[in-house]
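Inspection log for the structure reproduced underneath, given as structure tokens.
Every number in this text was worked out from the coordinates using simple rules, so none of it is lab data. Note that the structure is a prediction, hence the values are computed from the model and not measured. Cβ sites come from the backbone with ideal geometry, for glycine too, and all protein chains shown count toward neighbours.
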């Protein structure tokens, strides 16, 4: 089922997600719905907060993105990224590694807003998968960036919080317009 993606200004986007203690039928359904929603929206990641659920759950899928390559190591060995996608991250813990690199980012909760963001070039990830089984891997490139972006969402942090001050000032009018639109939508639903 296609889920509505919350836009900037919705309070759930600022909530830290609750840990998932057990993968229930409801969580399984949410995972499938999030994957479908992310693919239809043409995103490379989606956090539960973006669909109105403050949970420690995110989906990442960098399949087919050739202009910004990704790397993936499992148990110290390189793995074909595409065979690992989509990756479901439940209760993820990350450890950034490597130098910080600047790269372009967007967000489904901020339509048509993009900016260069500095993030560590690689990240070590420990999480549970869609079946509640532990997974560990090291990601680089776009996959590392997407994982960090989504884990930020799970902690109520938005990519605008990572922007340089000058960049945020440049898009201030767009952010304010989006926030006003979101608040008007929320008021109309009351």
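Worth a mention:
- Sorted by Cβ neighbour density within 10 Å, fewest at the top, the residues 163, 34: 163, 34
- FRET efficiency estimate (nearest 0.05) - Cβ-Cβ, residue 185 to residue 99, R0 35 angstrom: 0.30
- For region 18-97 and region 101-177, distance of Cα centres in Å: 13 Å
- Working from label points 7 Å from Cα in the Cα-to-Cβ sense, the residue 82 to residue 63 distance is 1.0 nm.
- For the peptides 102-112, 136-146, 16-26, 43-53, the ranking by mean Cβ contacts within 10 Å, running from highest to lowest, is 43-53, 136-146, 102-112, 16-26.
- Sequence of 85, 1 once ranked by neighbouring C-beta atoms within 10 Å, starting from the fewest: 1, 85
- Here region 36-89 is treated as a Stokes sphere of Kirkwood radius computed over C-alpha pairs; at 4 °C and 1.567 mPa s its diffusion coefficient rounds to 106 µm²/s.
- Volume per residue for the chain equals 118 cubic angstrom (convex hull of Cα atoms).
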